[in-house]
There are 2 protein chains.
Amino acid sequence: MEAALEEAKKAKKKGEVPIGAVIVKDGKMIAKGHNQREKKQNALLHAEIVAINKACKKLHSWRLDDAEIYVTLEPCPMCAGAIANARLSKMIYGAKDKTSQDELCGKILSSIRLNHKCEMVQAEEFENECSQILTDFFKAKRSQN
Amino acid sequence: MEAALEEAKKAKKKGEVPIGAVIVKDGKMIAKGHNQREKKQNALLHAEIVAINKACKKLHSWRLDDAEIYVTLEPCPMCAGAIANARLSKMIYGAKDKTSQDELCGKILSSIRLNHKCEMVQAEEFENECSQILTDFFKAKRSQN
């Protein structure tokens, strides 16, 4: 999760909402990513999508079985769906997304639609740090306006 | 939807699950895409994601406001989330996804999480054709095994 936080900090430096993700397989970090939506003007480029894209390319496989994704913020439905589609076995997040409704992330990951379930765990020891970097970012943004 | 079906046929020719999508803005088709998951070995490359990626690049914007996406099959959670994140105003689908659970697609599109709602409509006149191309594909695949 520390590496995911480093990614979030990279996003912050670029003026992006500070969210980072890393993918680990067999104890090795195989991909990392941070939010690039504004810079690249692309709605798809959340941290998780960037990391999954890199991991698929690295492994030459759309199946990321037995791999885990660490992300600083609970994923949005697009990213939760991507995590499920890529068959990641576990998703570990830092901060809870307080704007999420209807517990969609958990529902998407635990849907048996794909004959696959992804375990969802909060790394509570990182909750404050993952949440604070977002709070600070939005506070600074508001003060600029 | 006819153009989306043409895209689905392109996917079929490549041995991909035949699903196609097109994005229309101001009456003009601005992007199209078909499923490329197997060929590119990338879990993200569903028809909708390919089309949204192209549309963002074409408009140099992550916001696809006032644009509509036509897709031959009801989107999975990843694609429904991407459609919501890109602020598409309307999603028109051909065949219903019989494997989807808990009406996740509709829930994701109608979530007010993003202060944006995407209208979801079935083009019932295309349901049979959009569904048949999928049925034929899986039937042929099973007979090969």
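The values are calculated or read from the model by the stated rules, or taken from the named source; none is laboratory data. Worth saying up front: this structure is predicted, and the values here are computed from it rather than measured. Cβ atoms come from the backbone with ideal geometry, glycine included; neighbour counts cover every protein chain shown. Only protein heavy atoms, including side chains, enter the accessible area calculation; ligands, DNA and RNA are left aside. Shrake-Rupley method; radii C 1.70, N 1.55, O 1.52, S 1.80 Å.
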For this session: Restricting things to alpha carbons, tell me how big the protein assembly as shown is in terms of Rg and Dmax, in Å.
Result: 18.4, 63
Exercise. Got a sec? What order do B:Met120, B:Met1 fall in by accessible area at 1.4 Å, biggest, i.e. largest, first?
Worked result: B:Met120, B:Met1
For this session: Kindly write out, for region B:92-109 in residue order, the coupling ³J(HN,Hα) from the Karplus curve 6.51 cos²θ - 1.76 cosθ + 1.60 (θ = phi - 60°), rounded to whole Hz, with x marking Gly and Pro.
Result: 10, 10, x, 8, 6, 7, 6, 8, 6, 10, 6, 6, 4, 4, x, 5, 5, 5
For this session: Please tell me which of these pairs span more than 27 angstrom C-alpha to C-alpha: B:Lys9/B:Lys54; B:Lys96/B:Lys141; B:Lys9/B:Lys96; A:Lys13/B:Lys32; A:Lys40/A:Lys141?
Result: A:Lys13/B:Lys32
Seminar exercise, completed: Note to self: C-alpha centroids of region A:61-87 and region B:11-51 sit apart, in Å, by 20 Å
Problem set entry | Relative contact order (percent, whole number), chain B, Cα cutoff 8 Å, 6+ residue spacing | 19 percent
Exercise. Taking chain A as a Gaussian network, Cα atoms linked when under 10 Å apart, which of A:Val71, A:Val17, A:Val121 shows the biggest mean-square fluctuation?
Worked result: A:Val121
Exercise. When Rg is the radius of gyration of the Cα atoms in region B:38-108 and Rh is its Kirkwood radius, what does Rg/Rh come to?
Worked result: 0.96
Exercise. Å³ per residue of the Cα convex hull, for region A:1-123?
Worked result: 97 Å³
Exercise. Among the DSSP beta bridges whose two residues both lie in the protein assembly as shown, what percent are antiparallel, rounded to the nearest 5?
Worked result: 55 percent
Exercise. Anyone know which of A:Asp26, A:Asp66, A:Asp97 comes out most mobile in the 10 Å Cα GNM of chain A?
Worked result: A:Asp26
Exercise. In degrees, nearest 10, range 0 to 90: what is the angle between the Cα axis of helix A:127-144 and the longest Cα principal axis of chain A?
Worked result: 40 degrees
Problem set entry | Considering only chain A, percent of DSSP beta bridges that pair antiparallel, nearest 5 | 55 percent
For this session: Give me the accessible area of B:Ser131, 1.4 Å probe, in Å² rounded to the nearest 10.
Result: 30 Å²
Problem set entry | Unit charges on C-beta of K, R, D, E only; dipole of the protein assembly as shown, Debye | 1160 debye
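If contacts are Cα pairs under 8 angstrom and at least 6 residues apart, what is the relative contact order of region B:1-67 in percent?
Averaging sequence separation for qualifying contacts and normalising by length gives 26 percent for region B:1-67.
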For this session: With only Lys, Arg, Asp and Glu charged, each at its Cβ (+1 for the first two, -1 for the last two), find how big the charge dipole of region A:46-103 is about the Cα centre; round to the nearest 20 debye.
Result: 300 debye
For this session: Would you work out which of B:Ala3, B:Asn35, B:Phe138 lies farthest towards the positive end of the dipole of chain B, given +1 charges on the beta-carbon of Lys and Arg and -1 on that of Asp and Glu, about the Cα centre?
Result: B:Asn35
Exercise. Under unit Cβ charges (Lys, Arg +1; Asp, Glu -1), what dipole magnitude, rounded to 20 debye, does region B:71-145 have relative to its Cα centre?
Worked result: 320 debye
Problem set entry | FRET efficiency for B:Ser143 and B:Gln101, using Cβ-Cβ distance with R0 set to 25 Å, rounded to 0.05 | 0.35
